[in-house]
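Only one structure is covered here, and it is reproduced in the block below.
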Amino acid sequence: NSSACGFTIKNLKDGNPLVISSVVTAASVGNPAVETERLRINTNGTIGINTTAEIRQLEIFNSSHATAALKSDTQSSLFFSDSADTNIGQISYMHSGSPNNYMYFRVNDQERVRITSTGNVNIGTSELDQTVSGRLLNVYGGQIRARQTSSGNTLEAFGHTTSGQSYGLLVNAG
């Protein structure tokens, strides 16, 4: 018992959605073709993948794990924009370059958070302060640092006054 596969495109009339379905046609007599809707573009502009009940501009459905992939050898990005700015927000993953394999988040067209390939998190700066080894979190402006050393874990909070004086807090849970 063999079957043939293909696609159908339906409802190309005004007021109806564009529907693309996969079709499996059984080779034996009496077995009807099985048609499964895969993509729907509605007249209001919504797009559904494996769903016929989309309420957002783009919806992807899978009963166990819906996924979407942005593939590139260099950088993959998702942009957020408005009528005044086409790049006001962004989530990007850098696949290559130096450094490579890190993710960053842009807010108000500035990089605000970076997660490095080693799992370190930078907030307010793209560069991890390397003056103290073992630092996992670096916050620019006032700085909050959590680090693990051979003698224990520490939490450090530092800042500067407008007159240039430093202040800080160090908690060591060794």
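The values are calculated or read from the model by the stated rules, or taken from the named source; none is laboratory data. Computed from a prediction, not measured in an experiment: that's the story for all the values here. In this analysis, Cβ positions are derived from the backbone assuming ideal geometry, glycine residues included, and neighbour counts consider all displayed protein chains. Surface areas here come from the heavy atoms of the whole protein model, side chains and all, with no ligands, DNA or RNA. Shrake-Rupley method; radii C 1.70, N 1.55, O 1.52, S 1.80 Å.
Checking the conditions here, which among 61, 105 is free of Cβ contacts under 8 Å to residues at least 60 places away in the same chain and either closer than 25 Å to residue 7 by Cα or more than 15 Å from the chain's Cα centre (by Cα) (or both)?
Details: 105 fails: either closer than 25 Å to residue 7 by Cα or more than 15 Å from the chain's Cα centre (by Cα) (or both).
None of the others qualify; the one that does is 61.
One residue stands out in the range 11-34 among those that are open to solvent by 70 Å² or more (accessible area, probe 1.4 Å) and in contact with a strand residue (DSSP E or B) (Cβ under 8 Å, 6 or more places away or on another chain): the one that is modelled with the lowest pLDDT, namely 12.
For the range 35-65, a tally of residues being surrounded by 13 or more Cβ atoms within 10 Å (Cβ to Cβ) and either in contact with a strand residue (DSSP E or B) (Cβ under 6 Å, 6 or more places away or on another chain) or not polar (S, T, N, Q) (or both) returns 13. When the test is whether a residue is touching a strand residue (DSSP E or B) at 6+ places or on another chain (Cβ under 9 Å) and either among the polar types (S, T, N, Q) or at pLDDT 85 or above (or both), residue 78 passes it. Residue-level check: of (1) closer than 30 Å to residue 14 by Cβ; (2) modelled with pLDDT of 90 or more; (3) in contact with a Lys or Arg (Cβ under 9 Å, 6 or more places away or on another chain), residue 89 misses just (1). Is one or more of the residues making up the range 81-92 open to solvent by 60 Å² or more (accessible area, probe 1.4 Å) and more than 26 Å from residue 41 (Cα to Cα)? Yes, the range 81-92 contains a residue that is open to solvent by 60 Å² or more (accessible area, probe 1.4 Å) and more than 26 Å from residue 41 (Cα to Cα).
Considering 51, 86, the condition of being hydroxyl-bearing (Ser, Thr, Tyr) and within 23 Å of residue 19 (Cα to Cα) is satisfied by 51 alone. Take residue 77 and tell me if it is of a type in the set (Ser, Thr, Tyr), under 30 Å from residue 124 (Cβ atoms), within 15 Å of the chain's Cα centre (by Cα) and open to solvent by less than 50 Å² (accessible area, probe 1.4 Å). It is true that residue 77 is of a type in the set (Ser, Thr, Tyr), under 30 Å from residue 124 (Cβ atoms), within 15 Å of the chain's Cα centre (by Cα) and open to solvent by less than 50 Å² (accessible area, probe 1.4 Å).
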